[in-house]
Amino acid sequence: MAVKPEQDSGFDGDINFESALENYLNPDFGDLEEGAIVKGEVVRIDADTVLVDVNFKSEGQIPAAEFIDSGGKLNVAVGDRVDVFVVRKNEQEGSIILSYEKAKRMQVFDQLESVLENNGTCKGRIMRRIKGGYTVDLGGVEAFLPGSHVDLRPVPDMDALVNQEYEFRVLKINRRRSNVIVSRRVLLEEDRDSKRHDLLTTLQEGQLVRGKVKNITEYGVFVDLGGLDGLLHITDMSWKRIRHPKELVTLGQELELKVLSFDRESNKVSLGLKQMVEDPWLDINEKFPAGSTFKGKVTNLVDYGAFVELESGVEGLVHISEMSWTRKLRHPSQMVHPGDEVDVVVLGVDSMKKRISLGMKQIRENPWDVVAVKFPEGTVLEGVIKNITDFGMFIGIEDGIDGLIHVSDISWTKKIRHPNELYQVGDTVQAKVLTVDQENEKFTLGVKQLHEDPWSYVPDKYPTGSVVTGVITNITDFGLFVEVQEGIEGLVHVSEISSKKIKNPTELYKEGATIEAKVIHVSAEERRLGLSVKQILDESAEGGKKAGAEMRAGSPDVGGSQSLGDLLKQKLEESGEE
């Protein structure tokens, strides 16, 4: 640093030039030891450097980058006095190397060592995530914050902590390696323990407390009361039914709760949220008397019914059987969906179990009562076939009620294996009401009942002993079925075919053949008509013998002739012998 001539110095005439010259020629650099921190004055700022006068032969040059703050601005001006670190000096050359950053780091390390010794705290900003934790800026010194020392519990979003300022406790310092390890968890634990101690001395059942949601599970919520966790069970969250606590609370949410129970030995606290409001089930019988009608909202569907909210915190169940008078529902979703508004009737209230039974179908008149009055037994009605099954067909009657025509009630005389032999879905048919069973919800119809049963006059038309003529419709091992008129069949049992034993009736008769037979049994109730060919043959043979005897007595010439009956009988006998 040069000194100008007197006329240019601007000093007073009393200046001691000899002393000044001595200082210039033999400067005192006692404070400028390498590794020391000294104060200097900024005398000039260039584009890349800052000149700092530390009372040495020459100013020290410091890179301007060391004075740039986090916002990218230069944080020093000419005339400012700053602390700088003496990196190296050369007295012979009169040069000196300074560092602003190193001075700053040295001072920070001094402060941190003091914090460590006194178990104090320091403030820092989390800069970025690194492997195993974070880097923290402690005002010029970067420290390592282990991931396990960030919080009391695992942090769900670790990136959310970046650029946040916190208080830290210094755990370890290695100045030589410039290593600093800090912890935030230690401070949180100390704070938690302090709050827990204060809370345990004042906490009691029935007390109102404030807390923050720290964890949510399927069965409830853990709430931080300030050093002590309490459990808010899902059943104590709301008077209404909820499927998961997430429906009501979120992580970090602050809640005001009531202490339901407190075990001082185990430090377990049970909390209640719904207890903050009056129980809506009080006086429930007066509010929702049986038989009254209300409007509610469907909140949930289950296989056996639907839950309907009548007011906040009060739900009732509409069982699937109480949804419709006529529809056979497989699931409540066939009638209602969550969010639907429905009219319901209160069927019953159990205030002890907090249950209300509701009905939807009771809003309307029971159509079975209407049908019973409108279509009494014996009524003839007309309907459209809606469905055909193996056992019958269903006819649409009224408002979801179907009547069944059983296959056995289609015809008096025809043997119908399947209804589709005569009918198709969509056909309109007439039928008579046979039964109306309101209790079992059964409605039966008949088509054949529209006409008189032809068997009712069979005994009069074909009395026992009369001879009938019919067509063989079927031949079985046990006999012949003979149709004497349309739909009326009689049976010639194998024992009534001949006096001789018949092994196979097909040897004598074929289907479609016309025969005569005598009626030996008739019953309209049993719908049976017993016939006999044997009696016809026996009577014919007896008559033939008698006629032959008379002919032989009066006319000897024809004594050797045979009647038609004799010939048929002979043929049967020969067949029997074979």
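The values are calculated or read from the model by the stated rules, or taken from the named source; none is laboratory data. Quick caveat: nothing in here was measured; it's all calculated off a predicted structure. So basically every Cβ, Gly included, is an ideal-geometry build from the backbone, and we count neighbours across all protein chains shown.
Test GLU189 against the criterion of being over 43 Å from the mean Cα position of the chain (by Cα) and either under 25 Å from THR250 (Cα atoms) or assigned by TED's automatic domain parsing to the domain that holds LEU251 (or both), and give yes or no. Break it down into steps so the answer makes sense when it comes.
Details: over 43 Å from the mean Cα position of the chain (by Cα): no; either under 25 Å from THR250 (Cα atoms) or assigned by TED's automatic domain parsing to the domain that holds LEU251 (or both): yes.
No: the conditions fail for GLU189.
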May I ask you to list pairs of residues, at least six apart or on different chains, whose Cβ atoms are under 7 Å apart, with the first in region 322-334 being of a type in the set (Ser, Thr, Tyr) and the second being surrounded by 13 or more Cβ atoms within 10 Å (Cβ to Cβ)?
SER324/MET335; SER324/LYS361; THR326/PRO367; THR326/ASP399; THR326/ILE401; SER333/LEU301
Spot the failing condition for GLY124; the list is (1) small (Gly, Ala, Ser); (2) touching a Leu at 6+ places or on another chain (Cβ under 6 Å); (3) part of a loop (DSSP other than H, G, I, E, B), and only one is missed.
(3)
Taking the criterion of being among the basic types (Lys, Arg), assigned to a loop (DSSP other than H, G, I, E, B) and surrounded by 13 or more Cβ atoms within 10 Å (Cβ to Cβ), would at least one residue in region 182-197 satisfy it?
yes
Given the condition surrounded by 12 or more Cβ atoms within 10 Å (Cβ to Cβ), acidic (Asp, Glu), in a strand (DSSP E or B) and not assigned by TED's automatic domain parsing to the domain that holds LYS501, answer yes or no: does some residue in region 410-428 qualify?
no
For region 212-229: of the residues being out of contact with any helix residue (DSSP H, G or I) (no Cβ under 7 Å at 6 or more places or on another chain) and modelled with pLDDT under 90, which is nearest to THR121 (Cα to Cα)?
ASP224
When you look at ASP279, is it touching a residue at least 12 places away in the same chain (Cβ under 8 Å) and crowded, with 17+ Cβ neighbours inside 10 Å, yes or no?
no
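Table: residues versus (1) of a type in the set (Asp, Glu); (2) in contact (Cβ under 8 Å) with a residue 12 or more places away in the chain.
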position: ASP53; (1), (2): yes, yes
position: LYS73; (1), (2): no, no
position: PHE85; (1), (2): no, yes
position: LYS89; (1), (2): no, yes
position: ILE96; (1), (2): no, yes
position: ALA103; (1), (2): no, yes
If I ask for residues that are in contact with a helix residue (DSSP H, G or I) (Cβ under 7 Å, 6 or more places away or on another chain) and under 11 Å from ARG241 (Cβ atoms), which ones from region 290-313 would you list?
none
Mind checking which residues of region 138-180 are surrounded by 15 or more Cβ atoms within 10 Å (Cβ to Cβ) and touching a residue at least 60 places away in the same chain (Cβ under 8 Å)?
ILE173, VAL180
All positions within region 407-428 that are free of Cβ contacts under 8 Å to residues at least 40 places away in the same chain and of a type outside the set (S, T, N, Q):
VAL407, ILE410, LYS415, ILE416, ARG417, HIS418, PRO419, GLU421, LEU422, TYR423
When residues of region 454-470 are filtered for being loosely packed, with under 14 Cβ neighbours inside 10 Å and closer than 20 Å to VAL407 by Cα, how many remain?
0
Among the residues of region 113-124, which ones are without any contact (Cβ under 8 Å) to a residue 60 or more places away in the chain, of a type outside the set (Ser, Thr, Tyr) and surrounded by fewer than 16 Cβ atoms within 10 Å (Cβ to Cβ)?
GLU117, ASN118, ASN119, GLY120, LYS123
Across (1) within 19 Å of GLN207 (Cα to Cα); (2) in contact with a strand residue (DSSP E or B) (Cβ under 6 Å, 6 or more places away or on another chain); (3) surrounded by fewer than 16 Cβ atoms within 10 Å (Cβ to Cβ), GLN253 clears everything bar (1)
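Going by what's in this entry, would LYS328 be described as part of a strand (DSSP E or B) and among the basic types (Lys, Arg)?
Numbers: part of a strand (DSSP E or B): no; among the basic types (Lys, Arg): yes.
Considered against the rule, which asks whether it is part of a strand (DSSP E or B) and among the basic types (Lys, Arg), LYS328 comes out as no.
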Restricting attention to region 368-379, report how many residues are among the β-branched types (Val, Ile, Thr) and surrounded by 15 or more Cβ atoms within 10 Å (Cβ to Cβ).
1
Pick from region 232-247 the residues that are in contact with a Leu (Cβ under 9 Å, 6 or more places away or on another chain) and surrounded by fewer than 17 Cβ atoms within 10 Å (Cβ to Cβ): which of them is farthest from GLU311 (Cα to Cα)?
HIS233
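Answer yes or no: is there a residue in region 360-367 that is part of a helix (DSSP H, G or I) and loosely packed, with under 12 Cβ neighbours inside 10 Å. Break it down into steps so the answer makes sense when it comes.
Pass one, region 360-367, residues part of a helix (DSSP H, G or I): 361-363, 367.
Within this subset, residues satisfying the condition of being loosely packed, with under 12 Cβ neighbours inside 10 Å are 363.
Checked against the condition, which is being part of a helix (DSSP H, G or I) and loosely packed, with under 12 Cβ neighbours inside 10 Å, region 360-367 yields at least one hit.
Taking the condition over 31 Å from the mean Cα position of the chain (by Cα) and hydroxyl-bearing (Ser, Thr, Tyr), does SER238 pass? Step through it out loud before you land on a result.
Numbers: over 31 Å from the mean Cα position of the chain (by Cα): no; hydroxyl-bearing (Ser, Thr, Tyr): yes.
It is false that SER238 is over 31 Å from the mean Cα position of the chain (by Cα) and hydroxyl-bearing (Ser, Thr, Tyr).
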Among the residues in region 250-273, are any within 28 Å of the chain's Cα centre (by Cα) and under 30 Å from MET360 (Cα atoms)?
no
